[in-house]
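J.: Let me give you the structure first, and then I'll get to my questions.
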Amino acid sequence: MNAPILELTGFAQDPAWLPWAVQYFFLVGISLGAFLLTLPHFLAGRGSVEAARAALIAALITGIAAPIALLADLHQPLRFWRFYLSPNGSSWMAWGAFFLPAYVGGLVAYGWLALRPAFAARAGTDLPGRIAGLLGGDGAPWPQRLKAVGVFTAVGALLVALYTGAELAVVAARPLWHTPLLPLGLLATAIAAGAGLATLLTGDPAARRLLGRAVATGSAAALLVFIAGLLAGFAGAASGEAQLALVAHRPLASLLLVLLLAAPLLLIGRRQAAPLAGLLAVVAAWAWRWELFMGGQRLPKSGAGFYDYAVPFGTEGLLGVLGSAGLMVLIALALHAVLPARAGRA
Amino acid sequence: MNPSRRDFLKGIAVGAAGAAVGAPAAARSAQGEGDAKHRWGMVVDLRRCIGCQACTVACGTENHTPLGQYRTVVHQFEIPGADGSPRRASLPRLCNHCAEPPCIPVCPVGATFQRADGIVLVDNTRCVGCGYCVQACPYDARFVNAELGTADKCTFCVHRVDAGLLPACVETCVGSARIFGDLNNPDSSVSQLLREHEALPLKPAAGTAPQVRYIGLDGRLQDKVTGEPSPIAAKLAEVTP
């Protein structure tokens, strides 16, 4: 019988990417997923205006919050200008520094153009009403400008999806990330969660039905990616073996993730359950990224076993997660204050 | 002044500054370009390593790494021998100063670079602390310095090398297991050892062409070790009073 190798002295490494990275990938993923769902209505005039507006609000809330989470993940956040002063063209992260502001800037402009009539309808004498009046102007729609900015932002969204996926997938040193399945999983969960958050922001049954289909489609695709990863592990692929190892190390977390991905599929068709399905898709997208980032960094590159990681309570951990959630709520409240309650009133 | 004399004097100045402040931190932005005549590398003769961690301590003292963070460590294993009986094995780890370093292309701001003499360095006045290089290193040789908030790693004690001294870990090794020298010089100790012995790199499949080689390396330790993890994993939280 072969006795195992015993590691007598080990040196654990703390994760270089903090929970802030999870928050960034979560927020920007939801944002671009939700944004893409707005395009059929605002660019082609198809689909539900309620669904498109809810998805747009979801994209704005998360898209504006995302860069702040990214900045917070830098250990030297005040040096962010270095990304623009001395970019390294061989780094996906360097490209992301240009794609992200292009997307977020485009998204804000697109949101303003799309919601201009709604802002005008909300104009009033109170402070939010005065701000809405300024944003809305005469309230006349600008369809050509909206389409042009929409196309620009769509390109930005696809580039952000590309760079966020590639940034991880090129890291050969982390087998869990080094797979073409990774960008697909991020995109699938992003669309499910984008639609899911939008479902929570609308009470319109037709919109919820439409968004519910996107939630189910994204969740099903993510589930397939997860299963494909496991099968790749059984076939001997390094990335799949890393996924299998992580599943074996954290069976409850993995089971919870699978249940979260499967739940929207089980709830599809149940009208009253649409918000629950949406919420679960949002939680699934977060859990996916948590396992990917924090779980992936638990796997030592050289040593045996796993690195331990406990979420700290401070800004590098729980407070960061709660803080970015609070920021989302703040942005949501600000938007709520300057918009009428329903799109139909615009 | 010709370039070599300027480099030499610059090296003296950097070395003196490093010695004066006791750490190279202040000199990190003036790490120089190195001299392409040299290609620095290290051979670790595992037959001589007793796993005493003197190199780990010397490195921490020389480079003022934060408590619980290390530029070099000595992993120790108990591995089954050919007859099934267990034997001890040590494996000092450090930055491999790879010829094809995967940490450099991922750095978004070009803070990680390789000198002409092969030493891979981090300009911590430019580093944004994004941690991407930490992820890209296949050897877990990098970390984000908890005090500086920038990427950190073994520099082969570049401040000492530029002053004509040996890296602190080499200087202090009680068994002379760490041998440092110029791979471009066929008469150097490292070149002679590489000619006379089979010296293996870590993770050859990673394609990074490490410039740290090991004599007497058990093949089971060459890649990621599969086995029972250590019950003791030294972390900052565990050693901070």
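The values are calculated or read from the model by the stated rules, or taken from the named source; none is laboratory data. All values derive from a computational prediction rather than experimental measurement. Reconstructed Cβ throughout: ideal geometry from the backbone, glycine too, with neighbour counts over all protein chains shown. We work out accessible area using only protein heavy atoms, side chains counted, and drop any ligands, DNA or RNA first. Shrake-Rupley method; radii C 1.70, N 1.55, O 1.52, S 1.80 Å.
J.: For the stretch A:83-99, how many residues meet the condition of being facing another protein chain (nearest Cβ under 7 Å) and open to solvent by less than 40 Å² (accessible area, probe 1.4 Å)?
T.: 7
J.: Further question: For residue A:16, only one of the following conditions fails: (1) open to solvent by less than 20 Å² (accessible area, probe 1.4 Å); (2) more than 9 Å from every other protein chain (Cβ to nearest Cβ). What is its number?
T.: (2)
J.: Still on this structure: For the stretch B:168-188, does any single residue satisfy the condition of being open to solvent by 10 Å² or more (accessible area, probe 1.4 Å), within 18 Å of the chain's Cα centre (by Cα) and free of Cβ contacts under 8 Å to residues at least 60 places away in the same chain?
T.: No, the stretch B:168-188 has no match at all.
J.: Residue B:48 - would you say it is away from chain A (no Cβ under 11 Å), open to solvent by 40 Å² or more (accessible area, probe 1.4 Å) and outside any helix (DSSP H, G or I)?
T.: So residue B:48 fits the description; yes.
J.: Name the residues in the stretch A:161-214 that are among the charged types (D, E, K, R), assigned to a loop (DSSP other than H, G, I, E, B) and either buried (at least 24 other Cβ atoms within 10 Å of the Cβ) or within 14 Å of another protein chain (Cβ to nearest Cβ) (or both), would you?
T.: A:174
J.: Does the stretch A:241-259 contain at least one residue that is closer than 27 Å to residue A:207 by Cα, out of contact with any strand residue (DSSP E or B) (no Cβ under 9 Å at 6 or more places or on another chain) and open to solvent by 20 Å² or more (accessible area, probe 1.4 Å)?
T.: yes
J.: Separate question: I'd like to check something: does the stretch A:267-282 contain any residue that is away from chain B (no Cβ under 14 Å), open to solvent by 50 Å² or more (accessible area, probe 1.4 Å), assigned to a loop (DSSP other than H, G, I, E, B) and free of Cβ contacts under 8 Å to residues at least 12 places away in the same chain?
T.: So far as the stretch A:267-282 goes, yes, one or more of its residues are away from chain B (no Cβ under 14 Å), open to solvent by 50 Å² or more (accessible area, probe 1.4 Å), assigned to a loop (DSSP other than H, G, I, E, B) and free of Cβ contacts under 8 Å to residues at least 12 places away in the same chain.
J.: Which one is least open to solvent (accessible area, probe 1.4 Å) among residues in the stretch B:118-138 that are closer than 19 Å to residue A:81 by Cβ and of a type in the set (S, T, N, Q)?
T.: If we take residues in the stretch B:118-138 being closer than 19 Å to residue A:81 by Cβ and of a type in the set (S, T, N, Q), then B:124 is least open to solvent (accessible area, probe 1.4 Å).
J.: Applying the selection to the stretch A:317-343, what residues are buried (at least 17 other Cβ atoms within 10 Å of the Cβ) and either on the phi > 0 side of the Ramachandran plot or at pLDDT below 80 (or both)?
T.: Correct list: A:343 only.
J.: Out of A:74, A:36, A:56, I need the residue that is open to solvent by 10 Å² or more (accessible area, probe 1.4 Å) and either over 30 Å from residue B:141 (Cα atoms) or in contact (Cβ under 8 Å) with a residue 12 or more places away in the chain (or both). Which one?
T.: Just a single option satisfies the conditions, and that option is A:36.
J.: Among the residues of the stretch A:121-157, write down those that are open to solvent by less than 30 Å² (accessible area, probe 1.4 Å) and over 27 Å from the mean Cα position of the chain (by Cα).
T.: Hits for the stretch A:121-157 are A:129, A:132, A:133, A:136, A:139.
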